[in-house]
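Student: I have a structure I would like to understand better, so I am pasting it below and will then ask my questions one at a time.
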Amino acid sequence: MIPLSTPDLSGNEARYLQQCIEDGFVSTAGAFVPRIEEMVALHSGARQAVATASGTCALHVGLVALGVKPDDLVILPSYTFIASANAISHAGAIPWLFDISADSWTLDPKLLAAKLESETRRVGPDIIHKVSGRRVSAIMPVYALGMPADMEPIVLLARHYRLPVLADAAAALGATYMGKPIGRLGADLSMISFNGNKTVTSGGGGALLGDNLELMGFVKHLVSTARTGEDYTHDRVGYNYRMTNIEAAVGSAQMERADSLVAAKRRIRAAYDDALSELPGVGLFPSPPWADGACWFSGITLAPPAPPPERLRQILRESGIEGRPFWKPMHLQPPYQDAPRTEMPVTDDIWKRVLTLPCSTHLSSADQAKVIVVVKESLA
Ligand SMILES: *Cc1c(COP(=O)(O)O)cnc(C)c1O
């Protein structure tokens, strides 16, 4: 079977894990946690990184640190993994779901401008959503498939409305936007995930990136139970959201190879794009001119005369190849049935037509060639 995507753990992962056991540092203390934080900050261009137990809890604590309160609205593209919306719920807030741009599958800045203008009003320091009366307290752009959102206009709007920005850059490590790495795109905080299915993994884990050292200090305080000293005093309700040294050991070994892992993802994407772009009914994953995405997953979109994704998935499976559907948008998820939303023409059109294809960083060119042959034959 050629799997969709599996991690490549052939670097220093085993050696560093062994070191954790030998040194006895298996929990949140130990040298690998600060090491991965430094590596991630350096790689992303952010001044500081705080490692966390998952990307989801990094988003949760990021929202709390940026002042999101229960019953607020947080702007979120509907086309994302459910963790982004769940983190908003964990903070007691509600996602305000937005459609995406067809050219990037990320939050559409024109739609954002139009809705902030027509559906909110300023009351004192607050931006109030007129219909629900709720306060809008943050914007969470999502870098879908590791492709940065169009951050320049989004950040300008955020500044104009004085809304903080928390970027869900879960799988975007290594991506650039107008030549800049993901820690330099103007978000107050950015989250990356080291979950096992991401390009760079620590097994489970995540990180928040930021430049404001006071805010980052607060994040660190929140994720480590808000402890103020050695005497078990805690000055607020904090969280046990720290990454462990074991996870950081694996993650540090992966970070050493981050550039080559991302390069492999991009090479695989380019080979599929070259081979499949001319097939009738086949569309490619987006590649807007302003960004160089991290190509977390590769795949295609399908429209007639091509068969529907589920049919192609079966054909692939019969040939020993794994393909999968991708995210079902938030406005179609039971927990978010009542969440306020924009019209969704682009999201509704795209999500059902996506099929992801094998794209492990260590996928051999022979295996990729086999995938390409089976896809081409099934569309002939
Ligand atoms: C993976 C992912 C997350 C969640 O990260 P975890 O580390 O699995 O909690 C959130 N948002 C997006 C877009 C993701 O791809």
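Residues checked against (1) outside any helix (DSSP H, G or I); (2) within 16 Å of the ligand (Cβ to nearest atom):
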{"site": "LEU279", "(1), (2)": "yes, no"}
{"site": "ALA294", "(1), (2)": "yes, yes"}
{"site": "LEU316", "(1), (2)": "no, no"}
{"site": "PRO335", "(1), (2)": "no, yes"}
{"site": "GLU343", "(1), (2)": "yes, no"}
{"site": "ASP348", "(1), (2)": "no, no"}
{"site": "LYS352", "(1), (2)": "no, no"}
{"site": "SER360", "(1), (2)": "yes, no"}
{"site": "VAL371", "(1), (2)": "no, no"}
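Student: Can you tell me which of ARG267, ARG242 is within 16 Å of the ligand (Cβ to nearest atom), of a type outside the set (Asp, Glu) and closer than 30 Å to ARG15 by Cα? It would help to see each step written out before you state the result.
Tutor: On the way: ARG267 fails: within 16 Å of the ligand (Cβ to nearest atom).
One residue alone meets the criteria, ARG242.
Student: Do any residues in the range 29-40 that are without any contact (Cβ under 8 Å) to a residue 60 or more places away in the chain have Cβ atoms under 9 Å from those of residues that are among the aliphatic types (A, V, I, L, M), where the two are at least six apart or on different chains, and which pairs are they?
Tutor: PRO34/ALA51; PRO34/ALA248; GLU38/ALA49
Student: Could you list, in sequence order, all residues of the range 1-58 that are among the acidic types (Asp, Glu) and crowded, with 21+ Cβ neighbours inside 10 Å? Before you say what the answer is, go through the steps one by one.
Tutor: Step one: filter the range 1-58 for residues among the acidic types (Asp, Glu), giving 8, 13, 22-23, 37-38.
If the condition is that a residue be among the acidic types (Asp, Glu) and crowded, with 21+ Cβ neighbours inside 10 Å, then GLU13, GLU37 are the ones that fit.
Student: Look at the range 317-345 and say how many of its residues are buried (at least 21 other Cβ atoms within 10 Å of the Cβ) and either in contact with a Gly (Cβ under 9 Å, 6 or more places away or on another chain) or in the same structural domain as ALA87 (by TED's automatic domain parsing) (or both).
Tutor: Result for the range 317-345: 2.
Student: Return yes or no: is LYS130 within 18 Å of ASP71 (Cβ to Cβ) and modelled with pLDDT of 95 or more?
Tutor: So LYS130 fits the description; yes.
Student: Residues of the range 20-43 being within 16 Å of the ligand (Cβ to nearest atom) and under 17 Å from the mean Cα position of the chain (by Cα), which ones?
Tutor: VAL40
Student: Considering only the range 296-314, state which residues are within 16 Å of the ligand (Cβ to nearest atom) and among the hydroxyl-bearing types (Ser, Thr, Tyr). Can you show your working first?
Tutor: As a first pass, look at the range 296-314 and keep what is within 16 Å of the ligand (Cβ to nearest atom): 296-299.
Listed by number, the list holds a single entry, SER298.
Student: Does THR201 satisfy being of a type in the set (Ser, Thr, Tyr), modelled with pLDDT of 95 or more, closer than 27 Å to GLY11 by Cα and within 11 Å of the ligand (Cβ to nearest atom)? Before the answer, list the steps.
Tutor: Values: of a type in the set (Ser, Thr, Tyr): yes; modelled with pLDDT of 95 or more: yes; closer than 27 Å to GLY11 by Cα: yes; within 11 Å of the ligand (Cβ to nearest atom): yes.
Taking the combined requirement at face value, the residue satisfies it.
Student: Confirm whether LEU209 is closer than 27 Å to TYR16 by Cα, within 16 Å of the ligand (Cβ to nearest atom) and of a type in the set (A, V, I, L, M, F, W, C). Let's see the steps before the verdict.
Tutor: Details: closer than 27 Å to TYR16 by Cα: yes; within 16 Å of the ligand (Cβ to nearest atom): yes; of a type in the set (A, V, I, L, M, F, W, C): yes.
Taking the combined requirement at face value, the residue satisfies it.
Student: Oh, and also: From the list PRO334, PRO289, exactly one residue is of a type outside the set (Asp, Glu), out of contact with any Cys (no Cβ under 9 Å at 6 or more places or on another chain) and under 23 Å from LEU112 (Cβ atoms). Which is it? If you could, list the steps in order and put the result at the bottom.
Tutor: Working: PRO334 fails: under 23 Å from LEU112 (Cβ atoms).
Of PRO334, PRO289, the one residue that is of a type outside the set (Asp, Glu), out of contact with any Cys (no Cβ under 9 Å at 6 or more places or on another chain) and under 23 Å from LEU112 (Cβ atoms) is PRO289.
Student: Then there's this: Can you name every residue in the range 90-134 that is within 15 Å of ARG341 (Cα to Cα) and touching a His at 6+ places or on another chain (Cβ under 8 Å)?
Tutor: TRP96, LEU97, GLU119, THR120
Student: Follow-up question, since we're still on this one. Scan (1) in contact with a Ser or Thr (Cβ under 9 Å, 6 or more places away or on another chain); (2) away from the ligand (no atom under 14 Å from the Cβ) for the single condition GLY62 breaks and write down its number.
Tutor: (2)
Student: For a quick check of your reading: which helices (runs of 4 or more DSSP H) sit entirely within the range 78-195 and have at least 1 residues that are within 15 Å of the ligand (Cβ to nearest atom)? Please lay out each step first, then the result.
Tutor: Values: elements: 82-90, 109-119, 151-161.
In the range 78-195, 82-90 are the helices (runs of 4 or more DSSP H) which contain 1 or more residues that are within 15 Å of the ligand (Cβ to nearest atom).
Student: Something else: Go through the range 127-152 and count every residue that is out of contact with any Pro (no Cβ under 6 Å at 6 or more places or on another chain) and either buried (at least 17 other Cβ atoms within 10 Å of the Cβ) or of a type in the set (Val, Ile, Thr) (or both).
Tutor: Adding up the residues that qualify gives 18.
The values are calculated or read from the model by the stated rules, or taken from the named source; none is laboratory data. Values in this document were obtained by computation on a predicted structure and should not be read as measured data. Virtual Cβ from ideal backbone geometry, glycine too; neighbours counted across all protein chains shown.
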